[in-house]
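Undergrad: Here it is, the structure, as structure tokens.
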Amino acid sequence: MNITQEIDDIITQRKRRLPIVRNKRQQIEKIKECVQRLELICQEANSGGDKYGELFKQYPEVQERLRLINTKEFNDAYIKISEILKKLEIRFSREEIHLSFVGRAGQGKSLVMQNISGLSGSVIPSADGADCTGAKSIITNRNEDGVSAEIRFYTQSEYLEIVNRYLHEIFDSDKFKVTSIEDILNLSILELERALDTSSAKKQSLYVQLKKYIEHSTELRSFLGTTKIVPEEEIERYVAQYSSSNKEKKYFLYLGVKVANILCRFPYSECGKIVLVDTIGLGATALDLKKQMLETVGNDSDVILLMTRPDGQRPHVEQDDIDIINDIRDMVTAEYTRNMLFWIINKVSNGVGRNIDGISEVEEQINRMPDFPIAKKLVVDCKEKKAVETELLIPILETLTDNLPKMEEVLLKNAEKYLNDLYKSYHRLAEQISLAFVSSIDQDIRREFSARIDEKIKKMTNSIRELYISDPYGRLRNQPCEKLKKAAEEKLNKILTRVPEEGEVLMLLNDGTINQHNAYEVLTDRIRLDTIDDFLELNEILDAMTLEMKQYIAHCLADKELGNLNALVSVSSQEAESWLSEFLVLMEENENYKCIGQAIKKLDDFKLKMESFLIYRIRAHLDVIDISLMPQAPSLRGGLAEKEALASDIIFWLEHNLQIAYREIKKELEPLYTYPNSALWAVVKDFYDRVVYSRNLQNGNDVKREWRYLYEDSISVIWKKEYEEYQAKRGISEGWNALINEIRKYDNVKMYDFTNEEVQ
């Protein structure tokens, strides 16, 4: 597959991902709107407004709790994930792969872009070490001849914002703030220069640029808010600061250009659908260049190329270049830059800026930086068109086709992490609302649901009691575990089959053994390990039994007809371990549920393992085939010269000693077959005792009170329909109830990943 096809495949894959990201953005917008409605109610709770006045009169505790709700954590998480999803949506919407050039001014970015695109210096301004690029340019490889450009100008409001930023930055205030083009034209140069802090070189430099905006606003006025299609020969006057043929001829239209999209056919036929994105070099006189560069990297970049041209007199890595990489890393992650950021070292062999003699020193400095987050460093003579193609373009294209799909998976996983942060913050809000709502439940509603609560607690605890009293663990408590017994006896019988054939023993004797006992030891070492590994496989049976026990208990807690606690947990009780873990988190988050939490934790942590009751016993009976532990080694005739006789002796002693091991292990196993059932019974009984009789010594609550607290706190969730009917009878605001229901609707962790695009 060629590069062009691979790039097409990447773009196709992006299009498949686009609806997923777009749907997720729409989802979180709905969630944000829900939180905004909540914020309005919280504001009313603080201001004493009329909309929910009756609600607050009826339930003053709701008002008080709403006053304490803070949505900042959620809003911060929302802003972050919104930015990430917006960038992903932009990325997956692109019809091309974007290569963005960054770096200080005068390092050769424009020169490289010329050589890749085949465009001249009149279209892509460049000059040795000079600040010549005026506007951001995007150069698109298209499958047709001819050169043209789409010039998109700032809107008037964007243009005014730029001028105001210069005014604010230079004069540290909004004294000279402008609201129209007329205001710009009416700015007094004399007054501005009187107010200028001439001791600041930075402010003087920015003032030079501001003066251009003031002096050329008349010229630019008619272009603002427009888009122009221009031919090749006219492009220069829109993107450059001066003519490529005559530096004395200045251009100023670039001041109003937001972006110039230049279309042409690239000379290298395998480029495929790629775009070159230029940025104004850092160190130029314009304002916010670093911010603009980072925005370009964040929004318009798939591959990033850092251009540097080392100083020929003092070759070294510039701190500015390191800072650029660190800034980009912080924006797109170190993993991304490690795969998609290329450090291009511009090698100048002769003429102005010759630096070839110092290139090795710069490379060495880069090599000394441990784990520096770049994909590759490429040393290229950027004046040479062929070198740019073979030593820069092709290696980058080959690397991007390998790495970019993986990096987009990384970006999605990174987005999922921030989606999870959003869920956590939202979940905490939802819990606060639940508490606020619960606080409104007065004695009447507690009495209304009291009988239901008593019934649920009784059914739940009785069902757990039934597990250890009768079926299944009471009935099986002292019975052998038939599954374990059958499997263990199969493992036991394998012991007698581990005696090797004569041929295998002879092969070992012929394979450089030191003496006859060495051969015997090699065989016994292997048999012991194989035997232990065999019995460790029985852990699968014990794991299944443990999981089944946890499923029984989870059923008692969660089932609608029993404890009915499934409403509090997002996963099904059929996934016993996940259900218990999530329920445990819920219990640990509330001081009122300490006893319940401890009971759940002990149950959740329980493991039934062969290592804890059987393996060490089996191991003890394998001493008989362990020369290091035998008081006397077995008697083996002759030396290695009598190999057949020696093999016969080795087989005899292996059979003899394995028979001993077999008999002893069989005796050891018989009384232990009841252990799993006894252990599981004990766990169930312990769990019952803890959920019925335990007490929290710190606050004096017993577990029975904790269960009542839990059910009372969760009335609106466990008995959702009945609760809403009751509240409706009490005249609670429909708007309030609708909001509560919507808040609960979005409190579902499954809505915050990329596998669930639509809110149910």
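Undergrad: If you place +1 on the Cβ of every Lys and Arg and -1 on the Cβ of every Asp and Glu, how big does the dipole about the Cα centre of the chain come out, in debye to the nearest 20?
TA: Here the size comes out at about 1600 debye.
Undergrad: For region 261-398, rounded, prolate or oblate, judged on the Cα gyration tensor with a ≥ b ≥ c (square roots of eigenvalues), a/c < 1.5 rounded, else prolate if a/b > b/c?
TA: Details: a/c = 1.36, a/b = 1.08, b/c = 1.27.
Rounded is the answer for region 261-398, as its axis ratio a/c remains below 1.5.
Undergrad: Which angle between 0 and 90 degrees, to the nearest 10, do you get for helix 3-47 versus the longest principal axis of the chain when only C-alpha atoms count?
TA: The angle comes out near 80 degrees.
Undergrad: Show that you can apply the helix-only estimate: for the chain, add -39,500 (n - 2.57) for every DSSP H stretch of four or more residues, divide by all residues, and state [θ] at 222 nm to the nearest 500. Before the final figure, lay out each step's value.
TA: Values: 31 runs with 449 residues, N = 760.
Roughly -19000 deg cm²/dmol at 222 nm, from the helical runs in the chain.
Undergrad: How far is helix 703-713 tilted off the main Cα axis of the chain, in degrees rounded to 10, range 0 to 90?
TA: Tilt of helix 703-713: around 40 degrees.
Undergrad: Enumerate by residue number the chymotrypsin sites (Phe, Trp or Tyr not before Pro) in region 203-252 meeting two conditions: DSSP loop (anything except H, G, I, E, B), and at most 11 other Cβ atoms within 10 Å of the site's Cβ.
TA: Details: sites: 207, 213, 223, 238, 242, 251, 252; in loops: 223, 251, 252.
Passing both the DSSP loop test and the Cβ count: no residue.
Undergrad: Give the lysines whose C-alpha is closer than 19 Å to that of residue 249, dropping any in the same chain fewer than 8 places away, or say none.
TA: 211, 212
Undergrad: Using amide H atoms built in the peptide plane, which far-off residues or other-chain residues are under 5 Å from residue 259 H to H?
TA: 152
Undergrad: Of the listed peptides 610-617, 224-231, 740-747, what is their order by residue-averaged count of other C-beta atoms within 10 Å, with the highest listed first? Could you put the intermediate results ahead of the total?
TA: Details: 610-617: 15.0, 224-231: 13.5, 740-747: 17.9.
Top of the packing list down: 740-747, 610-617, 224-231.
Undergrad: Could I ask something else about it? Modelling each spin label as a point 7 Å along the Cα-to-Cβ direction, I'd like the residue 189/residue 504 distance in nm, to one decimal.
TA: 10.0 nm
Undergrad: Given the C-alpha atoms of region 156-224, compute the convex hull and give its volume per residue in Å³. Walk me through the intermediate numbers first.
TA: On the way: hull volume 5.2 nm³, N = 69.
Once divided by residue count, the hull of region 156-224 is 75 Å³.
Undergrad: Taking other Cβ within 10 Å of each residue's Cβ, how do 726, 709 sort, fewest first?
TA: Details: 726 18, 709 15.
Result, fewest neighbours first: 709, 726.
Undergrad: Straight-line reach from residue 386: which aspartates and glutamates have a Cα under 16 Å away, not including same-chain ones fewer than 8 places off?
TA: Partners within reach: 270.
Undergrad: To the nearest 20 debye, what is the magnitude of the charge dipole of region 156-224 about its Cα centre, counting +1 on the Cβ of each Lys and Arg and -1 on the Cβ of each Asp and Glu?
TA: Values: 9 positive and 12 negative charges, 34 e Å.
Rounded to the nearest 20 debye, it is 160 debye.
Undergrad: Taking the chain as the reference, fit the longest principal axis to its C-alpha atoms, fit the long axis of helix 576-588 to the helix C-alpha atoms, and give the angle between the two in degrees, 0 to 90, nearest 10.
TA: Approximately 70 degrees, to the nearest 10.
Undergrad: Once each part is reduced to its C-alpha centroid, what is the distance from region 193-231 to region 59-102 in angstrom?
TA: 35 Å
Undergrad: Restricting to Cα pairs below 8 Å that are 6+ residues apart, what does the relative contact order work out to for the chain? Please round to a whole percent. Don't skip to the end; give the middle numbers.
TA: On the way: 1046 pairs, mean separation 118.4, N = 760.
Dividing the mean separation by the residue count of the chain yields 16 percent.
Undergrad: Next question, about the same structure. Out of residues 5 or more away from residue 379 or on other chains, whose amide H comes under 5 Å of its own, with H placed 1.01 Å from N in the peptide plane?
TA: Those qualifying (amide H under 5 Å, at least 5 residues apart or on another chain) are 345.
Undergrad: Something else: Between region 594-636 and region 354-400, how far is it from one alpha carbon centroid to the other, in angstrom?
TA: Taking the Cα centre of region 354-400 as reference, the centre of region 594-636 is 59 Å away.
Undergrad: To continue, here is another question. Have a look at the DSSP beta bridges in the chain and tell me what percent are antiparallel, nearest 5.
TA: On the way: 17 of 41 bridges.
DSSP beta bridges in the chain are roughly 40 percent antiparallel.
Undergrad: Right, something else. Can you give me the Cα centroid spacing of region 236-256 and region 661-724 in angstrom?
TA: Cα centroid to Cα centroid, the span is 80 Å.
Undergrad: As a footprinting exposure proxy, order 90, 20 by other Cβ within 10 Å, with the fewest listed first. Please list the in-between numbers first.
TA: Details: 90 13, 20 16.
Fewest to most other Cβ atoms nearby, the residues stand as 90, 20.
Undergrad: Return the sequence-ordered ³J(HN,Hα) values of region 505-511 in whole Hz as given by the Karplus equation 6.51 cos²θ - 1.76 cosθ + 1.60 applied to θ = phi - 60°, using x for Gly and Pro.
TA: Coupling constants for region 505-511: 5, 4, 4, 5, 5, 7, 9 Hz.
Undergrad: Mind ranking 167-180, 291-304 by how tightly packed they are, going by the mean number of other C-beta atoms within 10 angstrom, highest first?
TA: Working: 167-180: 15.0, 291-304: 19.7.
The packing order, highest mean first, is 291-304, 167-180.
Undergrad: A further question on this structure: Apply the Debye scattering formula to the chain, with a single equal point scatterer on each alpha-carbon and no solvent, then give log10 I(q)/I(0) at q = 0.08 Å⁻¹.
TA: Debye output, listed in q order: -0.93.
Undergrad: Quick one: what are the phi-derived ³J(HN,Hα) couplings along region 145-157, Karplus 6.51/-1.76/1.60 with θ = phi - 60°, whole Hz, x for glycine and proline?
TA: Residue by residue, region 145-157 yields 6, x, 10, 8, 9, 9, 9, 10, 8, 4, 6, 4, 5 Hz.
Undergrad: Please list, ordered by chain and number, the residues whose modelled amide H lies under 5 Å from the amide H of residue 317; skip anything fewer than 5 residues away on the same chain.
TA: Under 5 Å from the amide H of residue 317 lies no amide H from a residue far enough along the sequence or on another chain.
Undergrad: Could you run the Karplus curve 6.51 cos²θ - 1.76 cosθ + 1.60 with θ = phi - 60° over region 168-180 and give me ³J(HN,Hα) per residue in whole Hz, x for Gly and Pro?
TA: 5, 5, 7, 10, 6, 6, 9, 4, 9, 4, 10, 10, 7
Undergrad: Peptides 545-554, 181-190: what's the order by average Cβ count within 10 Å, highest mean first? Don't jump to the answer; show the numbers that get you there.
TA: Values: 545-554: 19.9, 181-190: 13.7.
In decreasing order of mean packing, 545-554, 181-190 become 545-554, 181-190.
Values quoted throughout were computed directly from the atomic coordinates according to the rules given, and no laboratory measurement underlies them. If you're wondering where the values come from, they're calculated on a predicted model, not measured in any experiment. Positions of Cβ are generated from backbone atoms using ideal geometry, with glycine treated the same way; all protein chains shown enter the neighbour counts.
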